[in-house]
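Participant: Structure incoming, see below.
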Protein chains: 2
Amino acid sequence: MTLQRIVEILRNGQPDESVTIKGWVRTKRELKDFAFVEVNDGSSLASLQVVLNPDIPGYADAVKRLNTGASVEVAGVLVASPAKGQRIELKAESVKVYGEADPQTYPLQKKRHSFEFLREIGHLRSRTNTLSAVFRVRNACAYAIHKFFQEKGFLWVHTPIISASDCEGAGEMFTVTRFNLQDVPQTDSKKVDYSKDFFGKQSYLTVSGQLEAEVMAMAFSNVYTFGPTFRAENSNTSRHLAEFWMIEPEMAFCDLQGDMDLAEEFLKYIFKYVLETCPEDMEFFNQRIDNSVLATADNIINNQFERLSYSDAIALLEKADKQFEYPVNWGLDLQSEHERYLAEEVFEKPVILTDYPVEIKAFYMRLNEDAKTVAAMDILAPKIGEIIGGSQREERLDVLERRIEAQGLDKADYWWYLDLRRYGTVPHAGFGLGFERLVQFMTGMGNIRDVIPFPRAPLTVEF
Amino acid sequence: MTLQRIVEILRNGQPDESVTIKGWVRTKRELKDFAFVEVNDGSSLASLQVVLNPDIPGYADAVKRLNTGASVEVAGVLVASPAKGQRIELKAESVKVYGEADPQTYPLQKKRHSFEFLREIGHLRSRTNTLSAVFRVRNACAYAIHKFFQEKGFLWVHTPIISASDCEGAGEMFTVTRFNLQDVPQTDSKKVDYSKDFFGKQSYLTVSGQLEAEVMAMAFSNVYTFGPTFRAENSNTSRHLAEFWMIEPEMAFCDLQGDMDLAEEFLKYIFKYVLETCPEDMEFFNQRIDNSVLATADNIINNQFERLSYSDAIALLEKADKQFEYPVNWGLDLQSEHERYLAEEVFEKPVILTDYPVEIKAFYMRLNEDAKTVAAMDILAPKIGEIIGGSQREERLDVLERRIEAQGLDKADYWWYLDLRRYGTVPHAGFGLGFERLVQFMTGMGNIRDVIPFPRAPLTVEF
């Protein structure tokens, strides 16, 4: 475990220092009297250039075997590099080849591969520049989320993955069962007899941990979830996954104002952390994938988010000197084109819209005094659109019961959720964001399937 | 979000400081001229004692309403406490009651409740001393795991939850489906037609992320998983859950020695971090739940783990002056009684057993030179038994193929796993541990259902 990581050598290695590196060959160049090999260990985008001279033991054999994808250990001495764009390189003193990669069959030769093709070799694609940069940024982003909340005293709570309730009424859920589907037990009235299944009732994969997070916030004040959630929608798009990770903080004694403050601080923190810890990867995305990602990050970090009500936003959109595809009318949900117009053209920075019409939002959002709007908030970012959705929750028992009934839901299903309002209820608020969407926006990657190691989507369950 | 947390006030608050706290009433004592209320906000085991004097506005009404479970905001001034066991208390200047909790119906009155009863009110049980201590320790433990790996440059990788393969052959899996179970599509030959299901093939909830973690280690060198895993075993015991979280680090260029070094360092780090960040909670467990938890933690932190081979362990057990219930014989798996004898009686500290018989271990573990044992390791701790299991992985393509075949598995199912050995294979190793088991051991809690917020087990899927 005293492996020297290439990221550290590239940053801090000094000429004449002895090091041993272990990694995989990215490229090899054979010249007349020596060979260059670029070795990458996944710790950084950049590889370390290794210079092999004929006087090292086994030179000819090593050079022959060290094709792209081969695994190798090199011991040697760092020297200042005469080559452009790299400070140091490694003069090899000994080389050990662990495993070869036959150039005739190894799929990742030195050329551009389409992301579609790379998805078919999901077990190898992390060895490419782009995917490895994505997963380093993904990791930094994930850790920044934990750091942010932990430093504020929030508890990470694990809400259940298997659930017997469709908590948001979001529909489209996967069933979890132990039945042999060849022979599903039935009741006398020829219905599925779920009482005979593992959990004794119909069970699903969760679509959100929010309601359970509220339970925990009523004991610990500030909590957050960070776990997988599921949607069984048959959406074959570049922005939908059947399995994705979600972050859902929930704060007791917090109103919509506090919710917005936290969400804004959260986004600034995450973007800043990733820029600081993965500068090369972010530079790479800006150069190769989407030349607006650094400007977008900068915009989020350095601007105070604009805050205005849904009603004011509708007024702005109605008088906009612009033709929209979808109609604008108080009471209708905003479309992506409207959101982007506000964030990109009107304010040119992130915008938080608040107080949406009650009809278009979930039952648990707190009803405002006007009885027409709820204390909801959505954060819209330039180039990105909606990135966070949150609300103050309805903490008044009688109002919440009426909202549940009005939506045609069964109060009995929510007995424990209602109990939170019956015993020591408090104003509380929270928000949610999809982790892969965040990584997608941060990196500019066009397809969400390329920001999660092993994507799940319709007909897609390989690896 | 400028909420002052009670944990900080109890630690650092000074007399004459003005503070505002928000939390829930644990107990109330009414005296003739004033009242004491203990307020807890979940940030610490200890509550803050609030002194209410009749001269504050609304005194009589507040005292009447502030029963156990009520939510409250108190502004006031800290004063040195004359009472035993607390440094400071809060002299209230104003009180705001947010929500009441009817003493006639609120289930958590001031008395001992059984853990069985508390499981029935899983939405309220985190408001008790024991469960709140458990979930604070759980959080500290979870964050320590991330910190440990991140500081070493490991990437957190999210391996898939829904999987089409039974990767370890561990059996007992949940099926994930979008079929209407009332009407499952069939092929012409009357088999279930999985090609019509959401993923186009039979899909399950994962039992381990190891194989996919190996994929990622072959690109990033060092990675770890930390996510939910599932077992559909019909085990109604105090140590089994159908849904639990698992941690699985995987390291390229690492042998069994490096694997053991990392696992030992890992355990020491986690126990140390939790003792440092949750001293009161750990003290509480030692006093109220299991008076050996501090000694066990100390034993893990301060001893160099004993390392010996399975064969040597068998020899020790065979000559032990002790009657075991289960037989001891080279080739048989060790039982809990054997493991505990070694850790508690022979060595009196954690023991790492290595090199188990090939027949009793998984196909992916690296075959030793003797062809009879594999490079596996299990860590056994006093009072705890097996806490970590790991191995060096078989990196030789031909050997791995033979092992897969020998176990009656189909090589074709492992095409991508075998590719890792085909292209740039390297020695690598990893280990796994169940997160809830770790928290259970750390806290001494008798039932694993009490260390996860919302346990899933046979017939148990509430909340």
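The values are calculated or read from the model by the stated rules, or taken from the named source; none is laboratory data. From a predicted model like this one, the values you see are computed outputs, not experimental measurements. All Cβ positions, glycine included, derive from the backbone under ideal geometry; neighbour counts span all protein chains shown. Remember, those area values only see protein heavy atoms, side chains included, never the ligands or the DNA or RNA. Shrake-Rupley method; radii C 1.70, N 1.55, O 1.52, S 1.80 Å.
Participant: Please pick out the residue among B:Ala219, B:Ala242 that is over 21 Å from A:Gln202 (Cα atoms) and not polar (S, T, N, Q).
Facilitator: Testing whether each residue is over 21 Å from A:Gln202 (Cα atoms) and not polar (S, T, N, Q) leaves just B:Ala219.
Participant: If you don't mind, there's one more thing I want to ask. Identify, from the list A:Tyr364, A:Tyr326, the residue that is among the hydroxyl-bearing types (Ser, Thr, Tyr) and either without any contact (Cβ under 8 Å) to a residue 40 or more places away in the chain or touching a Ser or Thr at 6+ places or on another chain (Cβ under 6 Å) (or both).
Facilitator: Just a single option satisfies the conditions, and that option is A:Tyr326.
Participant: Scan segment A:28-45 residue by residue and report those that are at negative phi and either surrounded by 16 or more Cβ atoms within 10 Å (Cβ to Cβ) or facing another protein chain (nearest Cβ under 10 Å) (or both).
Facilitator: A:Lys28, A:Phe34, A:Ala35, A:Val37, A:Glu38, A:Val39, A:Asn40, A:Asp41, A:Ser43, A:Ser44, A:Leu45
Participant: Considering (1) surrounded by fewer than 16 Cβ atoms within 10 Å (Cβ to Cβ); (2) at positive phi; (3) in contact (Cβ under 8 Å) with a residue 12 or more places away in the chain, say which one B:Gly85 fails and leave the rest.
Facilitator: For B:Gly85, the failing item is (3).
Participant: To continue, here is another question. Is it true that some residue in segment B:377-390 is in contact (Cβ under 8 Å) with a residue 60 or more places away in the chain, basic (Lys, Arg) and either open to solvent by less than 20 Å² (accessible area, probe 1.4 Å) or assigned to a loop (DSSP other than H, G, I, E, B) (or both)?
Facilitator: yes
Participant: Of everything in segment B:303-347 that's β-branched (Val, Ile, Thr) and outside any loop (DSSP other than H, G, I, E, B), which residue is nearest to B:Leu256 (Cα to Cα)?
Facilitator: Across segment B:303-347, the extreme among qualifying residues is B:Ile314.
Participant: Restricting attention to segment B:235-277, and to residues there that are open to solvent by 50 Å² or more (accessible area, probe 1.4 Å) and of a type in the set (D, E, K, R), which single residue is nearest to the other protein chains (Cβ to nearest Cβ)?
Facilitator: Going through the qualifying residues, I end up with B:Asp261.
Participant: Kindly indicate the residue of segment A:348-363 that is open to solvent by less than 10 Å² (accessible area, probe 1.4 Å) and not in a strand (DSSP E or B) and also farthest from A:Leu332 (Cα to Cα) among those meeting that condition.
Facilitator: A:Pro350
Participant: Kindly establish whether A:Gly58 is farther than 24 Å from A:Phe285 by Cβ, more than 14 Å from chain B (Cβ to nearest Cβ), open to solvent by less than 10 Å² (accessible area, probe 1.4 Å) and not aliphatic (A, V, I, L, M).
Facilitator: no
Participant: Something else about it: Here are the criteria: (1) touching an Asp or Glu at 6+ places or on another chain (Cβ under 7 Å); (2) open to solvent by 70 Å² or more (accessible area, probe 1.4 Å). Tell me which single one B:Ala70 does not satisfy.
Facilitator: Going through the list (1) touching an Asp or Glu at 6+ places or on another chain (Cβ under 7 Å); (2) open to solvent by 70 Å² or more (accessible area, probe 1.4 Å), B:Ala70 breaks only (2).
Participant: Can you tell me which condition B:Glu212 does not meet? The list is (1) open to solvent by less than 20 Å² (accessible area, probe 1.4 Å); (2) under 20 Å from A:Val461 (Cβ atoms); (3) within 11 Å of chain A (Cβ to nearest Cβ); (4) in a loop (DSSP other than H, G, I, E, B), and all the others hold.
Facilitator: Going through the list (1) open to solvent by less than 20 Å² (accessible area, probe 1.4 Å); (2) under 20 Å from A:Val461 (Cβ atoms); (3) within 11 Å of chain A (Cβ to nearest Cβ); (4) in a loop (DSSP other than H, G, I, E, B), B:Glu212 breaks only (4).
Participant: To continue, here is another question. State the number of residues belonging to segment B:90-132 that are in a loop (DSSP other than H, G, I, E, B) and more than 20 Å from the chain's Cα centre (by Cα).
Facilitator: Qualifying residue count for the region: 17.
Participant: I would also like to ask the following. Hey, among the residues in segment B:1-54 that are outside any loop (DSSP other than H, G, I, E, B) and of a type in the set (S, T, N, Q), which one's nearest to B:Arg127 (Cα to Cα)? Break it down into steps so the answer makes sense when it comes.
Facilitator: Narrowing segment B:1-54 to residues outside any loop (DSSP other than H, G, I, E, B): B:6-12, B:18-30, B:35-40, B:48-52.
Restricting the remaining residues to those that are of a type in the set (S, T, N, Q) gives B:12, B:18, B:20, B:27, B:40, B:49.
On the way: B:Asn12: 24, B:Ser18: 26, B:Thr20: 21, B:Thr27: 12, B:Asn40: 9, B:Gln49: 17 Å.
Per the criteria, the residue is B:Asn40.
Participant: OK, next. Take segment A:141-158 and flag every residue that is within 9 Å of chain B (Cβ to nearest Cβ), open to solvent by less than 10 Å² (accessible area, probe 1.4 Å) and more than 12 Å from A:Tyr224 (Cβ to Cβ).
Facilitator: Scanning segment A:141-158 gives a single hit, A:Ala142.
Participant: Residue check: is A:Phe135 surrounded by 23 or more Cβ atoms within 10 Å (Cβ to Cβ), at pLDDT 95 or above, more than 8 Å from chain B (Cβ to nearest Cβ) and part of a helix (DSSP H, G or I)?
Facilitator: Here the answer is no, as A:Phe135 does not meet what is asked.
Participant: Is it the case that B:Thr206 is under 22 Å from B:Arg403 (Cβ atoms) and either touching a residue at least 24 places away in the same chain (Cβ under 8 Å) or more than 18 Å from the chain's Cα centre (by Cα) (or both)?
Facilitator: Criteria met by B:Thr206.
Participant: Could we say that B:Gly227 is closer than 28 Å to A:Pro160 by Cα and part of a strand (DSSP E or B) here?
Facilitator: yes
Participant: Could you check, for segment B:374-388, whether at least one of its residues is under 17 Å from the mean Cα position of the chain (by Cα), within 14 Å of chain A (Cβ to nearest Cβ) and of a type in the set (A, V, I, L, M)? Steps first, please.
Facilitator: Filtering segment B:374-388 down to residues under 17 Å from the mean Cα position of the chain (by Cα) leaves B:379-381, B:383-388.
Subset that is within 14 Å of chain A (Cβ to nearest Cβ): none.
Checked against the condition, which is being under 17 Å from the mean Cα position of the chain (by Cα), within 14 Å of chain A (Cβ to nearest Cβ) and of a type in the set (A, V, I, L, M), segment B:374-388 yields no hits at all.
Participant: If you check A:Ala232, A:Ala217, which single one turns out to be among the small types (Gly, Ala, Ser) and more than 7 Å from chain B (Cβ to nearest Cβ)? It would help to see each step written out before you state the result.
Facilitator: Working: A:Ala232 fails: more than 7 Å from chain B (Cβ to nearest Cβ).
Criteria check complete, one pass: A:Ala217.
Participant: Is it the case that some residue within segment B:159-166 is at pLDDT below 95, more than 9 Å from chain A (Cβ to nearest Cβ) and in contact with a helix residue (DSSP H, G or I) (Cβ under 7 Å, 6 or more places away or on another chain)?
Facilitator: For segment B:159-166, residues at pLDDT below 95, more than 9 Å from chain A (Cβ to nearest Cβ) and in contact with a helix residue (DSSP H, G or I) (Cβ under 7 Å, 6 or more places away or on another chain): absent.
Participant: Let me ask you something else. Return the pairs, sorted by first residue and then second, in which the second residue is open to solvent by less than 20 Å² (accessible area, probe 1.4 Å) and among the charged types (D, E, K, R), the first residue lies in segment B:142-161 and is within 21 Å of B:Ile452 (Cβ to Cβ), the beta carbons are less than 6 Å apart, and the residues are 6+ apart or on different chains.
Facilitator: From residues that are within 21 Å of B:Ile452 (Cβ to Cβ), the pairs are B:Thr159/B:Glu212; B:Ile161/A:Glu243.
Participant: A follow-up question, please. Condition check: farther than 30 Å from A:Ser43 by Cβ and either more than 13 Å from chain B (Cβ to nearest Cβ) or surrounded by 22 or more Cβ atoms within 10 Å (Cβ to Cβ) (or both). Does A:Ala297 satisfy that?
Facilitator: Here the answer is no, as A:Ala297 does not meet what is asked.
Participant: Next question. Collect the residues in segment B:67-79 that are more than 11 Å from B:Leu10 (Cα to Cα) and more than 32 Å from the chain's Cα centre (by Cα), keeping them in residue-number order.
Facilitator: B:Asn67, B:Val72, B:Glu73, B:Val74, B:Ala75, B:Gly76, B:Val77, B:Val79
Participant: Go through (1) more than 21 Å from the chain's Cα centre (by Cα); (2) within 13 Å of chain A (Cβ to nearest Cβ) for B:Arg456 and report which single condition fails.
Facilitator: The single condition B:Arg456 does not satisfy is (1).
Participant: Can you say whether A:Ile21 is over 21 Å from A:Lys64 (Cα atoms), touching a residue at least 12 places away in the same chain (Cβ under 8 Å), within 14 Å of chain B (Cβ to nearest Cβ) and open to solvent by less than 10 Å² (accessible area, probe 1.4 Å), as far as the supplied structure shows?
Facilitator: no
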